[in-house]
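The structure appears below as structure tokens.
Read-outs throughout are calculated quantities, based only on the coordinates presented, and are distinct from any laboratory measurement. None of these values were measured; they are calculated from a predicted model. Ideal geometry is used to build each Cβ from the backbone, glycine not excepted, and the neighbour counts take in all protein chains shown.
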Amino acid sequence: MPRPRAFDEETVVESAARLFARRGFDAVSIDDLVGDLGIHRNSLYRTFGSKRGLYLRALRAARRQIMQAMSAADPLQNLCRAVTSDEIGALDLLLMAAIEQGRADPEIAAEVAGAFAELDGYTAVLGNGTVSTATLLGLRLRVCVGDEVAHLRPNGPGRQTDQ
């Protein structure tokens with residue numbers, strides 16, 4: 001009879017998502033996951049089946065996180081925050097998955113394409129034609145390489161507010 005889990009699955013998935021977003025699927029080994037996530041190798045395999053299984057869980061969690069942010073009280077502000085944040089987040093994992101695994105793995109490609117389609121629906125409504133998913137993702141890539149896009153932050157420098 002297996003012992004009860006000594007870890008929180010959702011916490012492990014969130015931590016794995018950040019690791020995969022930062023380094024990519026191919027650059028993260030099982031040893032990296034075990035060391036960074038603080039779980040035993042057997043627990044990882046028993047819970048997620050494989051590194052790919054954990055990756056898919058992390059990708060799906062990132063997709064849900066983005067959709068929850070879009071359905072919150074101020075989705076445009078949440079989008080701006082997600083794009084301009086200095087922290088590694090769900091958009092980063094989607095971008096990394098699209099670039100690194102999108103052509104090689106149809107299941108990952110379908111997850112990413114689905115997330116982008118959902119974002120398209122939100123950006124079309126929110127931006128009234130002035131915001132697109134492609135623009136947001138491009139800006140996120142610029143932030144990832146250190147380009148300053150602070151003018152996009154709600155109430156940030158150069159941003160006018162309606163009074």
Karplus (6.51, -1.76, 1.60) ³J(HN,Hα), θ = phi - 60°, over segment 26-41, in Hz, Gly and Pro reported as x: 5, 7, 9, 9, 4, 4, 4, 4, 4, x, 6, 8, x, 10, 6, 3
Neighbourhood charge, 13 Å Cβ-Cβ cut-off, centred on Ala69 and excluding it, Lys, Arg +1 and Asp, Glu -1: +1
